[in-house]
Amino acid sequence: HLEQAHPIPPYLARGGFGPKRGAPGREAVISPLMGRDDLPAGTFDAVMTFIQALTEAAKRSKQTLLVASIPDSEVEYGNEAGKHAQIRLEHTFGRLESIWKPVTPAEGFEIVRRRLFGDVSDPAARDAVCQEFARLYNDASSGDFPQEAASPAYLDELKRSYPVHPEVFQQLYETWSTLERFQRTRGVLRLMALIIHELWARGDQSRIIMPGALPLDAGKVRGEFLRYLSPTWEAVIDNDVDGPNSEPVLIDQSNVRLGQHQAARRVARTIFLASAPTVAEQGVRGVESARIRLGSLEPNVPLHVANEAIQQLGERATYLYGGSGRYWYDTRPNLNRTADARAAQIPDYELTAEIRKRLVAGSGGRGTADNPFGGVHIFPVASDVPDDGQVRLVVLPADAPHASGGESAAKSAAMALLDSRGATSRLGKNMAVFLAADRDGAQSLQAGVRQYLAWREIEERKDELNLDTHGRRQAQENLGRWNATVDGRVQEAYAWLLAPRQEGSGPWELDIQRVTGQTPYIRRVVTALRQGQLLIETLSPKVLRMAIDRWYWKGDETHLDLKRLWETFTNYGYMERLRDGDVLRAAVAEGVRSPDFFGYAAGVSKEGRFEGLVFNQQYSPDRVMLDGLAVLVRPEAAIAQIDRDERGRTGPTGGTGETGQTGGGGGGRTGQTAATGPSGGTAGRPPARRFHATVDVNPVRPLPALTQIVEEVVQHLAAASGVSVRLVLEIDAAAPAGMSEDLKRTVSENAKTLNFRSAEFETE
């Protein structure tokens, strides 16, 4: 009936149902007829009339199925004629069609499996492998894998798609099928055939073919993927996915934990499969970390291995982007490359300044329980560390690290600073301790600081660099991450405490110990010093007396210069390291309260008398002076003087003088010597009421001398009760040849600014 009503076109009558394999069917059959009436096949309208009649005939037939496969894209239907034919055909079939989607992903699993594999020869072995993967997904914490992977249905899906992991089909059918040239069934079959053949040729022993196992380094497999992508993706695969010298390969080679599982390579392949077809215009781009782990992690491989591989790739890959827990590859280099280039150009002095700033911030407040030092000196030169009788912590720079065993830059730097204070020798060598970085930790710290400074510059220049929203977010996130990383690496790196010590009069050495932990470095240093008795903050009079007996009172000595004793503590490493002079003052004040240790005197007269003797009574530490006049007095000598004074004050009737005191305890004599008046004078002499002194100071380097004068004279006067001090600086400059007008103007203006009380130039 059809043939009688509508003659079959000649090319159909000859059995020709389309062009050769691979050519677009519509162009070869229909579109060339458009606008032509001189062809044996007839006209375009005649063919369309025949097709319409064919659909009507199929509709009336009870056992006839007319199938039309209509192109989806411009690539397939070709030119304008093909597009016009496409529209006419869709309209013709649309009147009567019953649309059938031939292959769903689940059906695709079956098609590929049946076309490429035979029947499963050992169902029990298959089930055991699938159960192993299912346990991996079920035993993991929430969020480690996609939620559907832990469902019972996923186990059935594993069995249906075996020996291919469902995630491979999921990405090919749902992600790659969005590409215009990728055919859902034929494309998947062709690609999987190449993958399976390559794995078979390599003797791959994987239990299931996962996204992480795809051999993208094989030429044919890579070429098949690149058929559907732009040519620029070849560089992405070579550099960041699966090239022989790609970043994932280098990461696996440099990290034993990752390398034994090829973790970085598997993660990179998984991300590529899931993200390569996506485009920048998509609102949500990339693949979640959970799905990366699903596609790359095998049973019996620790979860942290995949996580570490993801992190390492995120830090080092050139074309890998990340944000909000998602990762994707792009053909444009990411900001990591920009950051790496900038990091390599950062000068060393910027690294030093940044590390120093963080160490200063972590030093704590001076004079606190965590920081009892007189000062914490970060990367100083020798002249920056005062020699003033206070224990000081010197933090050595990262380029002078220490490593256990043998010599180290830290030991050399510490000994050099210990020997000198700039142009002069250092006297108080026992008052310095050093903190140095570990050699490996210093390298890691410096690398981290480079990254932090590079990302800080990128974030500051985000407008100039014209960063998009993702780039700005990436810069901000990396800046925060590297900031926290550097803080942690500072604490980890500075882990060696070097404390000077000395055996008798032998050479100076360094007592070196490792101080590690999670607490700030200043707290770890102080804890180690206290536990090792390397820093004494409270000295008992008993220990002080033992030190005196050992080093000084070996014969008939009656007293000891207190300043000399203090200098012994500060200058020699065989003595205890006292925090500062207050520790010695407190020990002396406590010791004079008992008759068992020593007495204290403000000075010794020419006649050998102890002036202001205090023995076996309360005394304030603030009144103990380390000034070169004050002395510690042997108990026997103190008792002898007190006895002499009492005998001198006692008359024939046994009376007692006005100011004398008697009594005692503990078997000794007590009381201040009777010759001492209430204002510190001596009986029979009026007390001193005024002190005046004049001293010449080197005008070229006046500060050292002025500092010493203030510390050793002025401070004692100012601290005494009832004493007011007025300090006047007198300047006397002479120029026989005369002074220039510029000099006069400069000096006059500066003197006025500094509020000089008088400043005059004289002509005579």
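The values are calculated or read from the model by the stated rules, or taken from the named source; none is laboratory data. For clarity, every value in this text was computed on a predicted model and none was experimentally measured. As a convention, Cβ positions derive from the backbone with ideal geometry for all residues, glycine included, and neighbour counts pool all protein chains shown. All accessible areas refer to the heavy atoms of the entire protein, side chains included, with ligands and DNA or RNA removed. Shrake-Rupley method; radii C 1.70, N 1.55, O 1.52, S 1.80 Å.
Before moving on, here are some points about what is shown:
- Cα pair distances exceeding 18 angstrom across region 243-335, given as percent: 38
- Long-range amide H partners of R421 with built H, under 5 Å: R426
- Direction-averaged projected area, Cα convex hull, region 358-504: 11.5 nm², rounded to one decimal.
- Proximal lysines to K62, defined as alpha-carbon separation beneath 27 angstrom and excluding residues fewer than eight positions away on the same chain: K101
- Rounded to the nearest 10 Å², the accessible area of F761 at probe 1.4 Å: 90
- Annotation: amide H-H contacts under 5 Å for Y494 (H modelled 1.01 Å from N, sequence separation of 5 or more, or interchain): D438.
- Largest to smallest principal axis extent of the C-alpha atoms in region 151-255, angstrom: 40, 36, 27
- Convex hull volume per residue, computed on the Cα atoms of region 193-285, equals 116 Å³.
- P(r) of the chain over all Cα-Cα pairs, binned every 10 Å from zero, in whole percent: 2, 10, 13, 12, 12, 11, 8, 7, 7, 6, 4, 3, 2, 1, 1, 0, 0
- Three-way shape label, region 283-341, alpha-carbon gyration tensor, a/c 1.5: oblate
- Placing +1 on the Cβ of every Lys and Arg and -1 on the Cβ of every Asp and Glu, with no other charges, gives the chain a dipole of roughly 1180 debye about its Cα centre.
- Over region 350-397, the fraction of Cα-Cα pairs per 5 Å bin, rounded to whole percents and listed from the shortest bin up, is 5, 22, 28, 24, 15, 5, 1.
- Under the Karplus curve 6.51 cos²θ - 1.76 cosθ + 1.60, θ = phi - 60°, whole-Hz ³J(HN,Hα) for region 170-176, x wherever Gly or Pro sits: 4, 6, 5, 7, 9, 9, 6
- Note on the chain: helix-only mean residue ellipticity at 222 nm, from DSSP H runs of 4+ residues weighted -39500 (n - 2.57) and normalised by residue number, equals -13500 deg cm²/dmol.
- The accessible surface of region 395-434, taken with every protein chain in place and a 1.4 Å probe, is 54 percent carbon and sulfur.
- Cα convex hull of region 265-410, projected area averaged across orientations, nm²: 15.1
- Bridgeable lysines around K744 (alpha carbons under 24 Å apart, same-chain partners fewer than 8 residues away excluded): K752.
- Dimensionless Rg ratio for region 323-363, taking C-alpha atoms and the 2.2 N^0.38 Å reference: 1.76
- Look at the alpha carbon pairs under 8 Å that are at least 6 residues apart: their mean separation over the length of the chain gives a relative contact order of 6 percent.
- Computed Kirkwood radius, in angstrom, where 1/r is averaged over Cα pairs of region 491-565: 15.2
- Rg ratio for region 393-442: its Cα radius of gyration over 2.2 N^0.38 Å, N being its residue count, equals 1.18.
- Under 28 Å from K429, Cα to Cα: lysines that are on another chain or at least 8 residues apart: K357, K411, K542, K554, K563
- Pair-distance profile P(r), taking every C-alpha pair of region 478-525, with 5 angstrom steps and integer %: 5, 19, 19, 15, 12, 11, 8, 5, 3, 2, 1
- Between the alpha-carbon centres of region 186-233 and region 336-401 there is a gap of 53 Å.
- The value obtained for region 398-480, namely the Cα convex hull volume divided by the number of residues, is 132 Å³ per residue.
- For region 325-429, the orientation-averaged shadow of the C-alpha convex hull comes to 11.5 nm² (one quarter of the hull surface).
- Under conditions of 10 °C and 1.306 mPa s, region 110-187 yields 114 µm² s⁻¹ as its translational diffusion coefficient, taking Rh as the Kirkwood radius over Cα pairs in the Stokes-Einstein equation.
- When region 93-229 is reduced to its Cα atoms, the Kirkwood hydrodynamic radius in Å: 16.4
- Base-10 log of normalised Debye intensity for region 510-635 (one unit scatterer per alpha-carbon) at q = 0.10, 0.19 Å⁻¹: -0.36, -1.01
- A simple spin-label model places pseudo-atoms 7 Å from Cα toward Cβ; at R160 and Q533 they are separated by 7.7 nm.
- Annotation: amide H-H contacts under 5 Å for V604 (H modelled 1.01 Å from N, sequence separation of 5 or more, or interchain): E611.
- Within the accessible area of region 113-238 (1.4 Å probe), percent carbon and sulfur: 47
- Cα-based helix-to-principal-axis angle, 409-419 vs the chain, degrees rounded to 10: 20
- log₁₀ of I(q)/I(0) at q = 0.15 Å⁻¹ - region 422-546, Debye sum with one point per alpha carbon: -0.84
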